[in-house]
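Here is the structure we will look at.
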Amino acid sequence: MNQIQDKYNWKLTDLFQNKEEFYEAVKKLQNNLKQIETYKGILCDSSENLYQCYALYEKSLIYYDKIYSYGMFSYHLNMADQEGIKLFKEVENLSTEFGTATSFITPEITFSKEEQIHQYLLEDKRLKPYERDIKDILEDKKHTLSKEEENILANYSEIFSGPENIYDILTNAEFKFGTLIDEEGNEVELTDATYTKYLKSNDRHVRKQAFQLMYKKYSEYMNTITEMYLTNVKQTVITAKLRKYESSLENATNHDDSTIKVYEALMKGVNEGLEINHEFIALKKELLKLKELHMYDLYVNPYQKSKDTISFEEAKQEVKTALAVLGKEYGKLLEEAFEHNWIDVYEKPNKRGGAYSSGVYGVHPFVLMSFTEDKRDVSTIAHELGHSMHSYYSNKNQNIINAGYTIMVAEVASTVNEILLSEYQIQHEKDKKKKAEYIYEFLEMIRATFYRQSMFAEFEKSVHEKIENGEMLSAEDLNKLYFELNEKYFGKDMIIDKEIQYEWSRIPHFYTDFYVYKYATGISAAICIATKILNKEEGYVEKYINMLSQGCMKKSVELLKMVDVDLEDSNTYTIITQFYKDKINELKDLI
């Protein structure tokens, strides 16, 4: 492999120089875990025990983070390599070993005398780095059952995941959707993976075939899927009651480091701005030159005629230039990422697909992607480096226990980067049609992430409330509810095809209750932040970097308030709908 190729590949030697060093770290970790286990049963007997155990836990996490990352990265670079597969299995086993050895910490703190733990925290200053974690455990105490009851629930955990597992097997392994005739006149099989591709086809007949085939299959199994979904909802509702929550929504938002106020403010803000989404749908119909706009026409970009290509070096420069508004320090870190092998850039045989960023404590973040010279890949680079910089700042400023951040803020930094890149591309594009394509794509991102995910969230909330109120629901009830939500969210310019009533049944996120609303809150926070950065508000970039540096030292809602984003206030979402309207007007003015 020559020098030019090397700069586009990860250097796993940044983690360990060789396998011997890797296995030496494994031995040290296992030795630490044995020492941690000596505190089982006596953890809270003294502040000394609590401190020594947490200090060992912190050191062990640092070892574990590097070890697990090394095994996972080795495997993802070549998923057919037997040595890599074996190594990954070893680190997965070590993960189980780690979890088993440390599993007593949370229950022992939970079932200890709370006043005594607070006294330890007050008197022993060595516990300060671990205070946030310990207090979080104590805060959850009111929703923790007795040891015996917790053990019963733990033993049922595999059963509770049954509906989702059955759903995954049914829809991924057993569903066959049939064939359609593509743009070239070839008969091709429709799969879940190719569905989106065909929905974006410029050939309307292809789109309609894909849409009808997809929902024909789901309609055939509607009663079965309904039973699976409602069983999952009932399990969530019952568990929330057992844990003394007022509702399953309270349970979910509590675990998200969020609040019911966030959820309700989002619903209120979105519903007050629905007419703006209707305006975009009317514009979409006009741009596509259609007498009737159907659900299967939704994903076509009227301005995209062919794929634009770009080299990685050009993409790199575009990202650096677009993100220059984030300051010199951020720019230097981007340079570091590009020049010092933070990114494994190109496709390789058997390399894992997709893209991700994984921060490794004490080393640097690692970004995996498969750059294909498609202009859309530029956005992927900006997105993943947003995650990387978040990890870098939190890892640099917090210990490993406090460096992680919750799902509520996980997508904010990455989406901020995407927005800054989009705005840069729009402002610097000279070609009117290309500029229109960029604005249209930006509008689609807002529609799909803010409005669509909020519609899903409204559906979930309604279903859970009905179950909590003792209502008996059928497939027909769920289909009717979902169909009416589509009518409300899309407005009079969209033909709400009857097949769309089944769409709820192909959303796997519904089996992770109240997950989807976080996409909507994430883009809302990102738009607020990116707008302030672009407006060059004095001191705002520094404020933003400070927020990224906090890890999980504050609750997610409080973290975002540090950058003037209040997710519990419906006015925040009014800002987003107004931003959406301004972008619609920008496109109208351009064309």
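In the stretch 9-24, the residues that are closer than 18 Å to residue 361 by Cβ and in contact (Cβ under 8 Å) with a residue 24 or more places away in the chain never reach a residue that is among the charged types (D, E, K, R) and surrounded by fewer than 16 Cβ atoms within 10 Å (Cβ to Cβ) with C-beta atoms less than 8 angstrom apart, at least six apart or across chains. A count restricted to the stretch 155-203 and to residues that are under 15 Å from residue 217 (Cα atoms), outside any helix (DSSP H, G or I) and not β-branched (Val, Ile, Thr) stands at 7. The residue of the stretch 309-347 that is farthest from residue 364 (Cα to Cα), among those that are in a loop (DSSP other than H, G, I, E, B) and not aromatic (Phe, Trp, Tyr), is 310.
Residue by residue, here is whether (1) modelled with pLDDT of 90 or more; (2) of a type in the set (Phe, Trp, Tyr); (3) under 26 Å from the mean Cα position of the chain (by Cα) holds:
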position	(1), (2), (3)
139	yes, no, yes
148	no, no, no
160	no, yes, yes
179	yes, no, no
196	yes, no, yes
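With a requirement of 3 or more residues that are under 22 Å from residue 509 (Cα atoms), the helices (runs of 4 or more DSSP H) lying completely within the stretch 206-305 that satisfy it span 222-242, 248-255, 260-272. Within the stretch 248-263, the only residue that satisfies the criterion of being touching a residue at least 60 places away in the same chain (Cβ under 8 Å) and surrounded by fewer than 17 Cβ atoms within 10 Å (Cβ to Cβ) is 261.
Scanning the stretch 87-113 for residues that are over 20 Å from residue 23 (Cβ atoms), among the hydrophobic types (A, V, I, L, M, F, W, C) and in contact (Cβ under 8 Å) with a residue 60 or more places away in the chain turns up 104, 105, 109. Figure legend. Inter-residue proximity from the stretch 216-240: first residues buried (at least 19 other Cβ atoms within 10 Å of the Cβ), second residues at pLDDT below 95 and charged (D, E, K, R), beta-carbon distance below 6 Å, spacing 6+ or different chains. Indicated pairs: 236/513. Candidates in the stretch 140-181 are the residues that are of a type in the set (A, V, I, L, M) and surrounded by 13 or more Cβ atoms within 10 Å (Cβ to Cβ); of these, the one that is nearest to residue 258 (Cα to Cα) is 145. Among the residues of the stretch 351-362, those that are crowded, with 17+ Cβ neighbours inside 10 Å and either within 14 Å of residue 336 (Cβ to Cβ) or within 18 Å of the chain's Cα centre (by Cα) (or both) comprise 355, 357, 358, 359. Among the residues of the stretch 464-485, those identified as in contact with an Asp or Glu (Cβ under 9 Å, 6 or more places away or on another chain) and either more than 30 Å from residue 283 (Cβ to Cβ) or in contact (Cβ under 8 Å) with a residue 40 or more places away in the chain (or both) are 464, 465, 466, 471, 475, 477.
Could you check residue 408 against (1) modelled with pLDDT under 95; (2) outside any helix (DSSP H, G or I) and say which number it fails? Checking residue 408 against (1) modelled with pLDDT under 95; (2) outside any helix (DSSP H, G or I), the one that fails is (2).
Do you know which of the residues in the stretch 157-171 that are touching a helix residue (DSSP H, G or I) at 6+ places or on another chain (Cβ under 9 Å) and among the hydroxyl-bearing types (Ser, Thr, Tyr) is farthest from residue 235 (Cα to Cα)? Among residues in the stretch 157-171 that are touching a helix residue (DSSP H, G or I) at 6+ places or on another chain (Cβ under 9 Å) and among the hydroxyl-bearing types (Ser, Thr, Tyr), the one farthest from residue 235 (Cα to Cα) is 171. If I filter the stretch 566-574 for residues that are within 25 Å of residue 399 (Cβ to Cβ), within 20 Å of the chain's Cα centre (by Cα) and not charged (D, E, K, R), do I get at least one hit? Looking through the stretch 566-574, none of the residues is within 25 Å of residue 399 (Cβ to Cβ), within 20 Å of the chain's Cα centre (by Cα) and not charged (D, E, K, R).
The values are calculated or read from the model by the stated rules, or taken from the named source; none is laboratory data. Here the structure is a predicted model, which is why all the values come from computation and not from measurement. Here the Cβ is made from the backbone with ideal geometry for all residues, glycine too, and neighbour counts use every protein chain on show.
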